[in-house]
């Protein structure tokens, strides 16, 4: 008898076939379940979100624009993927793609993929202002191209932060993000691609108004013009309206900060333009308090009185009473989506007239001072709320047809808050976006599309706690895994 008998196989051929068949059937069942889940997910798809920071829901107005989009749009994300808010931009564009299959997104990291970046520069060479352009979102629909700079997608504020050294006397400031304007910008780009011609705005000149090409001074309007261009509104200077009047292709007339009075022929043509259903944005600077512009009597007939004084709100100021931080807003589409305060400079009060008739224009107060505001020249007036901006709209009248539509006017008692410096303060830029889109009757860029507030989380720990956390993550956790593996090896060895 042999000392080492021949070992028998662990499984018979029948058992092996049975096990193989069982594995095959189970695999097929798993694949079938996965396939059915994907089918049901594609047919009845609803997203769910794990936290408020990952939640991206498009507004109803954006969805309406996307439903009307029939042309294919290629979106090139020419971006450094390590940049701030890059994941937010990708998540937002993915929602656009999910809502309309005609939109495709191609990310190109110009830092890590130089070859692809060079192809993008070659393809869109005429749209690049310089070779150093970076962080751009490029929309291309059959050769029609619109580019939005990534730097304009996020609003920042400079805030004071606690000093790292308690003995330090100098104040420390930090630039923090407060709002993300991605949806507003991207929907505007898609709307621009869907329309062959931009709207046209005329900017009145000849009375000391700021320049649309001035980028050096604080009160220049170069950034103002850039905001209009981003809203697909082409702006052109208009030096004289006294003869032929306002051009018929004018979708929006802008009168900003006139330092001298308009001449009588101009005022007559302006009055005619409004009665024909024109759209007008009036920004009155503080100098107009001493030198009336001639616009005040016309505004009076449209239900608004501009006081010949300056509002002062010492409890809401950053520069010793010269400016006012506005956080009192009315109910109107122009201000409903604002999430930040405004900063205005030496504003004139703009009051709604009382006792309007049935067919009179509808006047809504947009924003104003706090209840503690006073007048700079008339100190005898008790403190109370002074409106600083009004929106005027003439509703359709039965039997009357205007060649330009229904009259819309926005009057603000300040023009400096749209200058190159203050336009970046708080929600000033957002107010301008909303104002021009309401005046041009583009509700899809107004209602429900506002800047998304940025929530910032900060973990404050001491240096000692930071060292302990480092040892825990780099030493204790890997060491615990190795120890557990060694113990399992000992048990299995026995």
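The values are calculated or read from the model by the stated rules, or taken from the named source; none is laboratory data. None of the values given here were measured: they were computed from a predicted structure. With ideal geometry, Cβ positions are generated from the backbone for all residues, glycine too; neighbour counts draw on all protein chains shown.
For residue 56, the criteria (1) modelled with pLDDT of 85 or more; (2) in contact with a helix residue (DSSP H, G or I) (Cβ under 6 Å, 6 or more places away or on another chain) hold in every case but one, which is (1).
For the structure I just gave you, tell me whether residue 403 is exposed (fewer than 15 other Cβ atoms within 10 Å of the Cβ), touching a residue at least 40 places away in the same chain (Cβ under 8 Å), within 25 Å of residue 437 (Cα to Cα) and in the same structural domain as residue 300 (by TED's automatic domain parsing).
Working: exposed (fewer than 15 other Cβ atoms within 10 Å of the Cβ): yes; touching a residue at least 40 places away in the same chain (Cβ under 8 Å): yes; within 25 Å of residue 437 (Cα to Cα): yes; in the same structural domain as residue 300 (by TED's automatic domain parsing): yes.
Yes; evaluated as a whole, the condition is true for this residue.
In summary, residue 293 fulfils each of the numbered conditions (1) surrounded by fewer than 19 Cβ atoms within 10 Å (Cβ to Cβ); (2) assigned to a loop (DSSP other than H, G, I, E, B) with the single exception of condition (1).
Across the range 389-406, what is the total count of residues that are in a strand (DSSP E or B) and farther than 18 Å from residue 273 by Cβ?
Pass one, the range 389-406, residues in a strand (DSSP E or B): 389-393.
Right, trim to farther than 18 Å from residue 273 by Cβ and you get 389-390.
Residues flagged as in a strand (DSSP E or B) and farther than 18 Å from residue 273 by Cβ within the range 389-406 amount to 2.
Those strands (runs of 3 or more DSSP E) of the range 310-388 in which 1 or more residues are farther than 23 Å from residue 297 by Cβ occupy 323-326, 342-345, 362-368. Can you find a residue that is under 20 Å from residue 285 (Cα atoms), touching a residue at least 40 places away in the same chain (Cβ under 8 Å) and assigned by TED's automatic domain parsing to the domain that holds residue 286 anywhere in the range 231-249? Scanning the range 231-249, I find no residue that is under 20 Å from residue 285 (Cα atoms), touching a residue at least 40 places away in the same chain (Cβ under 8 Å) and assigned by TED's automatic domain parsing to the domain that holds residue 286, so the answer is no. Can you find even one residue in the range 246-257 that is loosely packed, with under 13 Cβ neighbours inside 10 Å and in contact with a strand residue (DSSP E or B) (Cβ under 8 Å, 6 or more places away or on another chain)? Yes - at least one qualifying residue is present in the range 246-257. Within the range 268-287, the set of residues being in contact with a helix residue (DSSP H, G or I) (Cβ under 8 Å, 6 or more places away or on another chain), in a helix (DSSP H, G or I) and in contact (Cβ under 8 Å) with a residue 40 or more places away in the chain comprises 274, 286.
Here's the yes/no breakdown for (1) within 30 Å of residue 251 (Cβ to Cβ); (2) more than 25 Å from the chain's Cα centre (by Cα); (3) assigned by TED's automatic domain parsing to the domain that holds residue 431:
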{"residue": "325", "(1), (2), (3)": "no, no, yes"}
{"residue": "329", "(1), (2), (3)": "yes, no, yes"}
{"residue": "336", "(1), (2), (3)": "yes, no, yes"}
{"residue": "357", "(1), (2), (3)": "yes, yes, yes"}
{"residue": "363", "(1), (2), (3)": "yes, yes, yes"}
{"residue": "371", "(1), (2), (3)": "no, yes, yes"}
{"residue": "377", "(1), (2), (3)": "no, yes, yes"}
{"residue": "380", "(1), (2), (3)": "no, yes, yes"}
{"residue": "390", "(1), (2), (3)": "yes, no, yes"}
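Of these, 346, 307, 284, 342, which one is surrounded by 15 or more Cβ atoms within 10 Å (Cβ to Cβ) and within 24 Å of residue 442 (Cα to Cα)?
Working: 346 fails: within 24 Å of residue 442 (Cα to Cα); 307 fails: within 24 Å of residue 442 (Cα to Cα); 284 fails: within 24 Å of residue 442 (Cα to Cα).
That would be 342, the only listed residue that is surrounded by 15 or more Cβ atoms within 10 Å (Cβ to Cβ) and within 24 Å of residue 442 (Cα to Cα).
A residue that is closer than 23 Å to residue 360 by Cα, over 21 Å from the mean Cα position of the chain (by Cα) and either assigned to a helix (DSSP H, G or I) or in contact (Cβ under 8 Å) with a residue 24 or more places away in the chain (or both) cannot be found anywhere in the range 424-437.
In the range 207-223, the residues that are assigned by TED's automatic domain parsing to the domain that holds residue 234 and at negative phi form Cβ pairs under 6 Å with partners that are part of a loop (DSSP other than H, G, I, E, B) and loosely packed, with under 14 Cβ neighbours inside 10 Å, at six or more places apart or across chains, as follows: 222/215. If the condition is being modelled with pLDDT under 90 and buried (at least 17 other Cβ atoms within 10 Å of the Cβ), then the range 191-218 contributes 191, 192, 193.
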